[in-house]
Structure formats: structure tokens, C-alpha cells
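Working notes for the structure below.
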């Protein structure tokens, strides 16, 4: 999609390139920056107009941002930082190494520096750390006309003007009023009369995922953030909430695949970082899987006599693992969407028991037919394998649905109970069931 | 959180209950509706004021909506439908059984009925099916003052007034202007001069996930939808885009756990529906796992001689499966976040080869020490197991990273290549590697 722009850059037609880029969305200009040679990035950035350059900067990946900051003069850096919304500036600062942070803070004007430092103090992943303090605040006694005038005067630097916050003298939040309400109201209406009372808010220390879910639940464009004394200190906007929800989903997916979550896109992550994300669970699960091996060792003699039993170990382990992870992943996702809570545990177990029995029976019947008609296995062996299937699916679903709930109740992240750990647990379970059923039926 | 309201309902203090509920957010009133006895739902709904009742209705689960519609008189139904935004009405209609749909359409006024029917015609999961046609359109030659007057006159029924769309006589989209720009502009400015040209848009048939990603990428509050002749027909708002992104993540997570995706929350899904979501992959994977069994059968004689080899089968299979799914899940998520495309395949393979070698070596060393020092296994067996580990991790990561890309290129959903299928493929791979290495080293 960038052929034209790349050609203009190649031919050094900077005037035309400037005009061409001005018509593009800053998110796309940022993508274009990823495509061009590193030595041209600063050059292209400099031909953009100031406001577009600053917006483009917020859309860029942090490695390119860092590269650009290094090539900026102090006054250039100051110009960019001054144009940024506060929450974007904080996002950038959080990604940069210490020496770059120092330079950024030195370049920001004193007010902005103070605000950035304020927000940096909030714990990582808290509402405070993702909020912006650039919002429109109004007073109850204002008329709509005064409110609109205030928005016109101060709105340019605000991240959103579409939700305005009504505060009292102690700066406590007492209501919200949308720009839509203001525009549709009579200009002599009083804010206190048309505002929505009892606004929904979160506190600065609230977890950012809860903040994002709250905003999503109510379909808000922004959510107010208050301190312990209920004073309004900032707002979280819908675009940041969307980022949080997407990151949360990615994190959950990574954890479900036994990967420690990372913040960087895959293609930008070095192989040692990828290694560090993956090796801990691989090691832990490898060690736990050796216990499964011990169970086999325990029944070594029987396996020596009935070698055919070994044939079915992979199928039983896989089916058990899949059944268990179906249940655990369903429950984990339900927990993170807040559709399920610990109190539902008995309903869930009862549901899974019935699903497990139906699934187990169907799988056992299908397998029985296959064993007898296609594999020509003896009836006794078929019986052992199929009873094990029913038992394995039963216990796999039981463990799969209950362990995430128990983990959550115990204060752990339920995602640790996703596929890999459940699989390892269920592997051991299925072998114990298998050999015990075999012992009873085959009598060894 | 609903103790007070439940108590008021219990004591039949409807006046107080009404006042109490009026102060709550409609999203919370909808949750409250889930908590009360079914026979009280219609009653509580009727004490709400008309606009709050309609908004509450949109937040309710579809089974409760259906229950309410059944208890409505025709005029009550008409009142609720008239209050709904078009896209909410369409969402509700899409969830209802045919007889309820007929009643809703009969109750809607002719204009609304026509619009609902229009949108119902768009294919499921298309931009058209999730858009609303209630947006503010402006003309280039209008002044800001005229535009604001138009918003005041028509804005009440619009889903959003914060992005206005500038169209020409043929109704083609020629620009967008935000309410912020309008409010901050001089009232005599001409829309054509202050609007943003070259707006980003999607077509009615575009996949809704791409629509949501586009809106998210540009941090928009709404995204315009045009038909084949580039005429503006609707907009998709950020709240609907967030829903789509969340549903997409849930769907991916379910598919990664070998579950057919469902649209209903777990606790509301019957056991036969859950069974139907889960059994197809369980059956398919069970059948494929029997091929792994065949490999074991093939080496039955050798296993009879070296029974100790059987002990390590679960550990090797699990480690292979986990390594493979780490790679595949990373790639699948990267593809759905559009961070990765097929063209990156060689970079990805080269990256995974290096990660695989490091992971494999570390796992093999750890395991070697354990085998020799703790399990007191013979050096030859330890050598067989540890070489297999390196080989298995290598091929697992290779298959894990490349198969999702190949699936995507071939037009399939890359998610089918997630953990369960990769695990089954890798199981077979690891056994083949294991027995062949064993044959060479142990010489059977």
C-alpha cells in the first residue's frame, strides 16, 4: 500500500511526499515508517507538519520511537513532547530506557513534566497508570452556554470533550454530562439539572483490566478515575480500554499455551527473550510428565505381558488432555469475561459431569466399533480401552472445570490451569485409570 | 450489590424501587433483572421510565428479552422498539426465534421496519450486519453554525453525533468532521474547509473483524460503511467494535481448545449444545491419535525388549506438544492481531529454529542430569531420550510455526492449527524420532 510514497522517497521528491503523507492517517504513516530505511526515518518525520508528526509518533513501535528520539535535537524533542496528549507521553516514557526517559522529561515543559511524573508513580497495571488528566471539568451552577464556552476555550488540549465531568469545590466528582446532552440542551439550562448523577467511576489503584471491563460493560467513551478521597484525578478513554482488552486476551492466550506473556510483538522479540518466555513452563511440565512415566514404570511387568496396551496410551492421553482443556479453557474465559464466578462451582460441576458422560459414552462407542471392526482387537482389550475412555473423559472434565475455579478462589491466576498443566495432570490420571481397569479385567 | 433493590421488591415498595433504579446505570438494572424471580421481571420493567426501560432492554440477555417480549402487550412492545437505536433493534431481532421476530417487526413503525429489514439482508458477520444507519450527515457548503443547528435538530435519534459525515449530492462520502472540530471552530467556517478529507471507510460486505481491527487501529469512535458505489450507508460505532474484538478473542480461545465456538455464555448453554461444541474435535483427534498408536505397534517387539523406553513416552509427547503449541499459538495470535503475515514465513522459521535449538538443548541437559543422577538410567538410554528431546522440540516448533501460516495461505482459519491438532501431529513425530534414534543407538 505504500508503493507511491516509497517511490517518492526513493526519488527524493520530498515536497510531493509531504503532500502525499499529509493526506494519510497518522496510523498509516507510522506503518510506512516501519517500511523505510532506518536512515530516512528522521528525515521523513521532519517533513511532516508538527501536529501530524506528533500523532504519528504515538502510533509508532517503541523501537522506532527510541531511534527517532536519539536523532532529535533537544528542541525537536520538546516540540514533539509538547504536542502529545499526556497519556500518550506516559505510554512512551514507560517503554523507553532510563537515559531516554531523562531526556524526555528534561525536554517537557515543567507542568507536563510534573504531570508525567505524577502518573509514573501509579503502580503498573493500575487505572492511574493508563489514565489521562486532560479532561473537561464543569461546575453544577454553570449554564450550558458557559459550559460550551469553557469547552471551546480549553477543549483543544483535552483528550476527549465528549464526556464532561462535573465537580464540586473539593474537586469531588458529582456528575457527568455528555457533549451530546450539552449540544441538544437549551443554552440557559443549568448543568446541575441536566447532568447524570451517581456517575460510575473507578479508583486510581483499580486493576486496568477491571477498568477496561467496566468501560466496556457500560459502553462508555471514557471512565472517570478518582483518588481515595473521591476527588476526580483523571479519565480512561475507550481507545486505551480497547488496548487493555486486546492485551489481556493475548496474555491469556499466551498463558494458555504455557508461554510467559510478553509486551512486544513476536517479530520484534529477540530469540533469547522468546526462549525466556517459553523455557520455564517447558521445563516444569517436562519434570511433571516424568511422574506420568513413573506410573508406566510401576506397571512395566504387566506392559511386558500385554504389549498391545502400550498402543493405546497416546490416544487415551490425548483424548483425556483434550477433554480436560476444553472444560478448563471454557471456564477460564468465562471467568475473565466475568460471566462465571466461584459461587457457580456446583452448577458447573453438575453440568460438566453430564457433558462428560455423554462425550465419554460417544467416544467409547465409536472407539469400540473401530477396535473390533477395523483393528480386530480382542473383546477384553476393547473393553479395557473403552471403559478407560469413559473414566478418563469424566475425570478430565471434572478436573478441567474445577481447578481454574479453585485456583481463582485461592488467589492465583486461573489461566495457569489451562491446557498444558491440565494435560499433564490428566495424563497421569488416565494412566492410573487405564492400568487399574486393565488389572481388574485382565487380572495381572 | 442488589440487596437494597431486592429488599424493596420483596416488600413491594414499587415507588421507592422506581426511584432507586432510576439512579442506576441501565447495564446494572439489566444485571438486577437476572437476579429477580421471573414473574417479577415484567413488573419491574414496567415501573422504569420509557427511555431507561429501552436502554435496559438492550443490555439484557436474549433469553430474558424473549421472556419480556412474550409478556408485553403490542403497544408496550411498540413503545420499546421505537425507543431503540437501530443497531440494537437489529441485534435483538437476530437473537430471537422467528415468531418473536414477526411480532417485533409488526410492532415497529414502517420506517424502522424497513431499516431493520435492510440490515437483516446483509450477510452474517459483515460490516452491514453490525452497522447503524443513524448517523449525522452534513454537506460541504454548510457553515459550522448550520451544521450545529442540524445536529441539534436531528441528533437526538443518532447513535453518535461525535463524528459527522460529509456527503455530496450522490450521497458519496467526501469527508468527516468531528464534533470537537465543530465546537472549536468559528461558527462561520465552511464544513468543506475544516473537514478531514480522504476518510478511512469500509464496505458493507467487509468482515466485521476487519472492521473492528480498522476502527481500533485508528482509535476511531465510529467508522463509515459505504456500498459498492461508495455511497455512505451506515457507521459502525466503537462499542460494537469492542464487542466484535472480545467475541473474536473468545472464539479463537475456544477453537484453540478444540471447541466449536458458541455465541451464548457457558452458564446459559444447555448440556447437549456443549456436547455438540466439543464432540467433533474429540472424535477427530481420538481417531488421529490412533495413528500414533500404530507407530507404537510397529515397534512393539523392540518395546518388549526395552520396556524402559515406554516410561519416557508421555514426557516426550507432552514436551513436544507443548513446544509445538507455544509456537503455533504465538503465530496464530500474531496473525489475528495483523502483526504477522504469510510473507514473514522465512523470518519466522529461522527465528523458531534458533529458539527450538536453545530450548531443546536446555531441556535435554536438564533431563540428562535427572536421568543419570536421580533415575540412575543407563548412559545409552539417557542418550536416546535426550537426543529425542532435541529432535522433537525442533520439529515441533517447526511444525508449530509454519502450519498456521500455511493454513492461512490455503484459505483456512489458522486457528485449526492450534494446540490440539499440533499436539496430535507432534505426538506421531516424536515417537518416530524416538524409535528411530533408539534403533540406531540400541541397535534393534
Problem - Gaussian network model of chain B, springs between alpha carbon atoms under 10 Å - residue of B:19, B:64, B:282 with greatest fluctuation - result: B:19
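Packing-wise, with mean Cβ within 10 Å as the measure, how do A:103-116, A:256-269 rank, highest first? Before the final figure, lay out each step's value.
Working: A:103-116: 15.9, A:256-269: 18.2.
The most tightly packed comes first, giving A:256-269, A:103-116.
Relative contact order of chain B, please, whole-number percent, based on alpha carbon pairs below 8 angstrom and at least 6 residues apart. Display every interim value, and only then the final one.
Values: 565 pairs, mean separation 47.6, N = 444.
Here the relative contact order equals 11 percent.
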Exercise for the section: In nm, give the distance between the simple-model label positions of residue B:95 and residue A:379, each being 7 Å from the Cα along the Cα-to-Cβ direction. Expected result: 5.3 nm
Problem - Euclidean distance of C-alpha centroids, region B:127-184 and region B:216-243, integer Å - result: 13 Å
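Using a 10 Å cut-off on Cβ to Cβ distances, tally the other chain neighbours for every residue of A:17-26 and report the average as a whole number.
Details: counts 0, 0, 0, 0, 0, 2, 3, 2, 8, 2.
Across A:17-26, the average partner-chain Cβ count within 10 Å equals 2.
What number in nm² do you get for chain B if you take the convex hull of its Cα atoms and divide its surface by four?
Values: hull surface 118.6 nm².
For chain B, averaging the hull's shadow over all directions gives 29.7 nm².
Could you order peptides B:402-414, B:187-199 by the average number of other Cβ atoms within 10 Å of their residues, highest first? Kindly include the intermediate steps, with their values, before the conclusion.
Numbers: B:402-414: 17.6, B:187-199: 15.2.
So the peptides B:402-414, B:187-199, ranked by packing, come out B:402-414, B:187-199.
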Practice task
Give the shape of region B:156-216 as rounded, prolate or oblate, defined through the alpha-carbon gyration tensor: a ≥ b ≥ c are the square roots of its eigenvalues, a/c under 1.5 means rounded, and otherwise the shape is prolate if a/b is larger than b/c and oblate if not.
Solution key: prolate
Exercise for the section: Return, for the Cα atoms of region A:266-442, the radius of gyration and Dmax in Å, separated by a comma. Expected result: 18.2, 56
Handout entry: Estimated 222 nm signal from helices in chain B, with DSSP H stretches of n ≥ 4 weighted -39500 (n - 2.57), rounded to 500
Key = -21000 deg cm²/dmol
Practice task
Could you work out the mean count of beta carbons from other protein chains within 10 Å of each residue's beta carbon in B:328-340?
Solution key: 4
Practice task
Output, in nm with one decimal and in ascending order, the distances from the residue A:265 label point to the matching label points of the other copies (7 Å from Cα along Cα-to-Cβ).
Solution key: 3.5
Problem - Closest Cβ on chain A to the rotation axis that carries it onto B (distance rounded to whole Å) - result: A:249, 2
Exercise for the section: Report, to the nearest 10°, how far helix A:313-336 tilts away from the longest principal axis of the Cα atoms in chain A, using its own Cα long axis and a range of 0 to 90°. Expected result: 30 degrees
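Over region B:137-247, calculate the relative contact order: mean separation of alpha carbon pairs under 8 Å at least 6 apart, over the residue count, as a percent. Intermediate values should be presented prior to the final figure.
Numbers: 167 pairs, mean separation 27.4, N = 111.
Relative contact order for region B:137-247 comes out at 25 percent.
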Problem - Crossing angle, helix B:271-298 versus chain B [Cα axis fit, 0-90 degrees, rounded to tens] - result: 20 degrees
Handout entry: region B:334-350 and region A:358-399: distance between their alpha carbon centers, rounded to Å
Key = 40 Å
Practice task
Specify the angular offset, from 0 to 90 degrees and rounded to the nearest 10, of the alpha carbon long axis of helix A:50-59 from the longest principal axis of the alpha carbons in chain A.
Solution key: 10 degrees
Handout entry: Separation in nanometres of the label points that stand 7 Å from Cα toward Cβ, at residue B:71 and residue B:197
Key = 5.8 nm
Practice task
Give the calculated FRET efficiency between residue B:268 and residue A:260 to the nearest 0.05, with a Förster radius of 25 Å applied to their Cβ-Cβ distance.
Solution key: 0.15
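Pulled fully out, how much extra length does the chain show between residue A:168 and residue A:347, if you take 0.36 nm times their separation in residues and subtract their Cα-Cα distance? Walk me through the intermediate numbers first.
Values: separation 179, 0.36 × 179 = 64.44 nm, distance 4.69 nm.
Result: 59.8 nm gained on full extension.
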Exercise for the section: Could you rank the peptides A:218-226, A:242-250 by their average count of other C-beta atoms within 10 Å per residue, with the highest value first? Expected result: A:218-226, A:242-250
Problem - Per-copy distances of the residue B:380 label point, shortest first, in nm (7 angstrom along Cα→Cβ) - result: 3.3
Fill in the blank from the handout: So, in nm and shortest first, the distances from residue A:99 to its counterparts in the other copies, with label points 7 Å along Cα→Cβ, work out as 7.6
Fill in the blank from the handout: For peptide B:252-262, the mean count of other chain Cβ atoms within 10 Å per residue Cβ is 5
Exercise for the section: Report relative contact order for region A:266-442 in percent, whole number only (criteria: Cα-Cα under 8 Å, sequence separation at least 6). Expected result: 36 percent
Completion exercise
All alpha-carbon distances of the protein assembly as shown, grouped into 10 Å bins from 0, give the whole-percent distribution 2, 11, 19, 22, 19, 14, 9, 4, 1, 0
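Values quoted throughout were computed directly from the atomic coordinates according to the rules given, and no laboratory measurement underlies them. In this text, all values refer to a predicted model and were calculated from it rather than measured experimentally. A quick note on method: Cβ atoms are made from the backbone with ideal geometry, for glycine too, and the neighbour counts reach across all protein chains shown.
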